[in-house]
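Have a look at the structure below, then the notes.
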Amino acid sequence: MAASVRCFLRSGKNAVSALRRREFHRSVPAAVQVTVRDALNQAMDEELERDERVFLMGEEVAQYDGAYKVSRGLWKKYGDKRVIDTPISEMGFAGIAVGAAMAGLRPICEFMTFNFSMQAIDQVINSAAKTYYMSAGLQPVPIVFRGPNGASAGVAAQHSQCFAAWYAHCPGLKVVSPWNSEDAKGLLKSAIREDNPVVFLENELMYGVPFEMSEESQSKDFTIPIGKAKIERQGNHITVVSHSRYVSHCLDAAAVLAKEGIECEVINLRTIRPMDVESIETSVMKTNHLVTVEGGWPQFGVGAEICARVMEGPAFNYLDSPVTRVTGVDIPMPIRQNPGGPQHAQLLIPRMPFTPQEASLLSEVKVWSDEFVAELIKS
């Protein structure tokens, strides 16, 4: 009996030893492709399910599934009390949403486009953004204003403005501008859970774009903290800072420049206010150069604020050249793509150092068409 036990123990030890030496194949679930539209839909669906205080309201968000189908299926799942169609009256339904937030609910107020938020700006600024301050911290306003922002496809000047700088100028608001699907889902969930009013700036041209989403980001517990930027590409030669769809252009430009031996560090802001200045400064102190890229107008824009913060802070002493801003043209957006000059941000970050011809061109033109980029590459 004792011999049998010893034999069993020896064989057991050998088996354990063999298991420890054995290499197991651990399959990692492949990332799935999810459009920005569906990521936003997931975020709202999960938060509506998680918290009964959350509701969605706006024009055509319910039975029509949203003007851009971002709210697809939510009305059928949650009903009229949680997904509410409104009249075409932004001032009215934004005011109702702000009042609901003051009463303890967590509304998601959708503007069909943020250009229409101009009709409700008194509610956004005076009612939502200032109440916490004016109540000495007693009255939070947990509301999300969301919808497409910036230039779209042929919708002319009234529907093509970027409101990032407009709303980021106002204390009391947090301003978020996602780029890809993980940004969209994680940041929107954080915005809905936020106790302060959040302006959530989407982009119509990004809704149908698919991005890989990790297994982690598919969890119902996945969030991305507001106020933290992300380095999308590591580099040592130049820091490029952008947000929303222009991050894609920056990454494309960085790939072109990499063939010339110039490595760009591309930073996706994610949040406009509060801005992650520390991440920008850390990168600039490494690369010694800074380019900001945005779709909004140049004067008093997001890029101007980034440049000012860098010039005022510790990163200034590390700059080897002046900072450069790439922006929209300082005119109302034309309906045609190229009416006699470069209008759209189909950009290529300029290589350094500039030739005299390039420097002359860049001093006059900050947003480049495909034709301008081609000429720049040839030169």
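The values are calculated or read from the model by the stated rules, or taken from the named source; none is laboratory data. Just so it is clear, the model here is predicted, and its values are computed rather than measured. Here the Cβ is made from the backbone with ideal geometry for all residues, glycine too, and neighbour counts use every protein chain on show.
A count restricted to the stretch 280-295 and to residues that are among the hydrophobic types (A, V, I, L, M, F, W, C) and either without any contact (Cβ under 8 Å) to a residue 24 or more places away in the chain or surrounded by fewer than 19 Cβ atoms within 10 Å (Cβ to Cβ) (or both) stands at 1. A count restricted to the stretch 166-196 and to residues that are buried (at least 24 other Cβ atoms within 10 Å of the Cβ) and part of a strand (DSSP E or B) stands at 2. Out of GLU202, GLU215, report the one residue that is within 28 Å of PRO332 (Cβ to Cβ) and in contact with a Pro (Cβ under 6 Å, 6 or more places away or on another chain). Sole residue among the options that is within 28 Å of PRO332 (Cβ to Cβ) and in contact with a Pro (Cβ under 6 Å, 6 or more places away or on another chain): GLU202.
Filter the stretch 39-70 for residues that are at positive phi and part of a loop (DSSP other than H, G, I, E, B) and give the result. Within the stretch 39-70, GLU60, ASP65, GLY66, LYS69 qualify. Taken together, LEU251, LEU257 contain a single residue that is in contact with a Cys (Cβ under 8 Å, 6 or more places away or on another chain) and either buried (at least 17 other Cβ atoms within 10 Å of the Cβ) or of a type in the set (Lys, Arg) (or both), which is LEU257. Of all residues in the stretch 130-165, those being buried (at least 22 other Cβ atoms within 10 Å of the Cβ) and not in a loop (DSSP other than H, G, I, E, B) number 6.
May I ask you to say which residue of PHE145, PHE111, PHE93 is within 12 Å of MET57 (Cα to Cα), in contact with a Lys or Arg (Cβ under 9 Å, 6 or more places away or on another chain), in contact (Cβ under 8 Å) with a residue 24 or more places away in the chain and assigned by TED's automatic domain parsing to the domain that holds GLU52?
Of PHE145, PHE111, PHE93, the one residue that is within 12 Å of MET57 (Cα to Cα), in contact with a Lys or Arg (Cβ under 9 Å, 6 or more places away or on another chain), in contact (Cβ under 8 Å) with a residue 24 or more places away in the chain and assigned by TED's automatic domain parsing to the domain that holds GLU52 is PHE111.
Every listed requirement among (1) surrounded by fewer than 24 Cβ atoms within 10 Å (Cβ to Cβ); (2) over 19 Å from GLN33 (Cβ atoms); (3) not polar (S, T, N, Q) is met by VAL199 save one, (1). Among the residues of the stretch 36-74, the one identified as touching a strand residue (DSSP E or B) at 6+ places or on another chain (Cβ under 6 Å) and surrounded by fewer than 19 Cβ atoms within 10 Å (Cβ to Cβ) is ARG53. Test THR287 against the stated conditions and say whether it is among the hydroxyl-bearing types (Ser, Thr, Tyr), modelled with pLDDT of 50 or more, closer than 17 Å to GLY235 by Cβ and more than 20 Å from the chain's Cα centre (by Cα). Yes; evaluated as a whole, the condition is true for this residue.
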